[in-house]
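To start, the structure under review is shown below, and the notes come after it.
The values are calculated or read from the model by the stated rules, or taken from the named source; none is laboratory data. What you see is a predicted model, and the numbers here were worked out from it, not measured in a lab. Here Cβ is always computed from backbone atoms with ideal geometry, including for glycine, and neighbour counts include all displayed protein chains.
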Amino acid sequence: MARSWETMQEFEAFLNEGGLVEANDDMPDPYRQAVFTFIEMHANSELMGGLTERDWIPKTPGLRHKMAVLAKTQDEIGHGHLLYMVAADLGIKTRTQMLEDLFAGRSRFHNVFHYRAVTWGDQVAIAFLVDAAALLSQQAVFKNCSYGPYKRILRRIIAEEGFHMRLGEDRMMRIAEGTPRQRQMFQESLNRWFWPALQLFGPDSKPDDVLLRWHIKSERNEVLRDRWVQKFVPMLTGYGFTVPASELRWDDETRRWDVGPIDWAPLERTLAQGGPDSTRRIAEAADNWQRTAWVRAALSDGSDTASNGVDHASHMAAAAPV
Amino acid sequence: MNVYEVFLKKDGREEFRHVGAIEAATEDLALVLARESYARRAEGDLLWVVRRNHVISAEEDFVAPNADKPHRHHDGAAVASRRKAARESSSHKVAESADEVTH
């Protein structure tokens, strides 16, 4: 173990001074568990999102967009791959255990992947609204994240998610400039996806949220959510779409958009794997895992997964040079 | 299966940099997976993978003593102040020639 801290107070002082924790540090168990759970959920979400994206490769209109969706699917699965690696290095679960938990419905993934995308308009709404929401949260985590390996892997994930968000905006603009039927399709998708995308940020952060206290996250949920609202409400209305919030209003005093009260029950249902499409999604992902066993067998040497915590070859004794 | 640490280099500009890790059964597959995971958009043009258990690592207690070696540095302040003193106390010509020597 590289570094250790006598007490939680010492560890928190280290974090408050901007200290970065590394995989082989002897970090306090509650911190290890909190950062692991956070990264595991992120990894699961990338995988579940990538599988949805994959479903749309054959149905994406036009060769150029089809190729872009193919690349995006590879990106998302790749992000899952990298994040499972970072999570496994914390030594709590192996990648295989994480995947088994995901397919058995024992671990979480983002609320938006508990819904079904039924039209191309839905895919555009997801790429435009949901990818942007995910990117906003990831940027806020990246800015000050105290866990070094996660912070570094987020840098490249954010760069790639930036491509996805611009792709989503490109598609949204094409639909906005399209036929009345296309605009109608996108409005219906907006009606389905606006609230799940907004709920991705979660309810207001609790004052004692350890993710904030330990600098795993650096911004409160409500701050990020508001940033998204202020960006997307004017953009959607600017393109002539209706934001599906009956109490939406512009506050002249604060100069901000207010979407009104938020019903958190749908989010809570997804967290309990009880969303509208949770059962099918999880079963489909598990089935995919079974059907692709031959690929893993071809790429494997038969031995079990090696990443179960970081363990470098040797630690040299301290002999002071002059 | 083995874990490989992945390093990328932008030719001619940077040092090899550690970018992350991947898990693979063979060295060839490690290179393929590293390329497909870390160099998807020309993030580098040279690639190393190193088995994690082949990395010989030293930690802070080993490296730290070198952080306290002032005699290995020279920030130029002492030279500058002496030069300044020389300029002020002697003729213009002497100070100028001293400058030429140090440059």
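Data table
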quantity	calculated
Tally of residues being among the charged types (D, E, K, R) and modelled with pLDDT of 90 or more across segment B:78-103	5
Search result, residues across segment B:19-36 that are of a type outside the set (Asp, Glu), more than 25 Å from the chain's Cα centre (by Cα) and crowded, with 19+ Cβ neighbours inside 10 Å	B:24, B:29, B:30, B:33
Residue A:171, sole failed condition from (1) under 16 Å from residue A:229 (Cα atoms); (2) crowded, with 20+ Cβ neighbours inside 10 Å	(1)
Scope segment A:236-270; condition part of a helix (DSSP H, G or I) and either in contact with a helix residue (DSSP H, G or I) (Cβ under 6 Å, 6 or more places away or on another chain) or surrounded by fewer than 15 Cβ atoms within 10 Å (Cβ to Cβ) (or both); matching residues	A:237, A:238, A:265, A:267, A:268, A:270
Any hit, segment A:241-250, residues being in contact (Cβ under 8 Å) with a residue 24 or more places away in the chain and more than 24 Å from residue A:110 (Cα to Cα)	yes
Residues of segment A:237-270 satisfying the condition of being of a type outside the set (D, E, K, R) and farther than 17 Å from residue A:199 by Cβ	A:237, A:238, A:239, A:240, A:241, A:242, A:250, A:254
Test: residue in segment B:49-62 that is surrounded by 12 or more Cβ atoms within 10 Å (Cβ to Cβ), more than 10 Å from chain A (Cβ to nearest Cβ) and either assigned to a helix (DSSP H, G or I) or in contact (Cβ under 8 Å) with a residue 12 or more places away in the chain (or both)	yes
Given (1) out of contact with any Gly (no Cβ under 8 Å at 6 or more places or on another chain); (2) within 30 Å of residue A:8 (Cα to Cα); (3) surrounded by 15 or more Cβ atoms within 10 Å (Cβ to Cβ), number of the condition residue A:198 does not satisfy	(2)
Qualifying residue in segment A:13-22 (condition: of a type in the set (S, T, N, Q) and within 14 Å of another protein chain (Cβ to nearest Cβ))	no
Qualifying positions in segment B:10-27 - within 11 Å of chain A (Cβ to nearest Cβ), not in a strand (DSSP E or B) and not polar (S, T, N, Q)	B:25
Checklist (1) facing chain A (nearest Cβ under 8 Å); (2) touching a residue at least 24 places away in the same chain (Cβ under 8 Å); (3) in a loop (DSSP other than H, G, I, E, B) applied to residue B:44, failing item	(1)
Meets criteria (surrounded by 13 or more Cβ atoms within 10 Å (Cβ to Cβ) and of a type in the set (Asp, Glu)) for residue A:208	no
Residue list for segment A:208-235, restricted to those being of a type in the set (Lys, Arg) and in a loop (DSSP other than H, G, I, E, B)	A:217, A:220
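Yes/no per residue for (1) within 29 Å of residue A:89 (Cα to Cα); (2) modelled with pLDDT of 90 or more:
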| position | (1), (2) |
| --- | --- |
| B:6 | yes, yes |
| B:34 | yes, yes |
| B:44 | yes, yes |
| B:49 | yes, yes |
| B:58 | yes, no |
| B:71 | no, no |
| B:76 | no, no |
